[in-house]
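For reference, the structure discussed in these notes is given below.
What follows is calculated from the coordinates using simple rules that are stated; it is not laboratory data. As the structure is a computational prediction, the values presented were derived from the model and not from experiment. Neighbour counts run over all protein chains shown; Cβ positions are idealised from the backbone, glycine included.
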Amino acid sequence: LHYSAVDERPLPGTSYYRLRQTDLDGTMSWSEMRVVHIDAPAELRIHPNPGAGERWIHGIPAGATAELTVLDGAGRTVLHQRIAAQGGRMPFDNTPLPPGSYHLVVRTEDLVQHATFVVDRAR
């Protein structure tokens, strides 16, 4: 017999996988454990979101310098800057932006990441 499974959303780093088989008589057995290491970057996140003023962008490769482009709802570039990551995150000041929804594009030497965020002055 051959069994397989696909993890549609693997986490970066080391993950451990095994399959459990349950027979018709109710007995269970486990497959051998498989170790998988994924060097993919973490998902790009902005904290706090929604919010205003100083924020943090998480999921940037540590030590990277990134080019940030912020697009408004019409796809126009409303902010563009270069920032250095600090331990996998980088500061981001969206004070100049009016309230609304935005799309962030972060470009590093090896990677392009996307995230959405909301500027809400009431928070």
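Expressed to the nearest 5 percent, the antiparallel share of DSSP beta bridges inside the chain is 95 percent.
Taking the number of Cβ atoms within 10 Å of each Cβ as an exposure proxy, the fewest-first ranking of M33, M90 is M33, M90. Among V36, V78, the ranking by other beta carbons within 10 Å of each residue's beta carbon, starting with the fewest, stands as V36, V78. The calculated Kirkwood hydrodynamic radius for the chain is 17.2 Å, given to one decimal from all distinct C-alpha pairs. Using just the Cα positions, wrap segment 7-69 in a convex hull and report its mean projected area in square nanometres, one decimal place. Averaged projected hull area, Cα only: 7.6 nm². Taking Cα pairs under 8 Å and at least six residues apart, what relative contact order does segment 1-107 come out at, in percent? RCO, segment 1-107: 21 percent.
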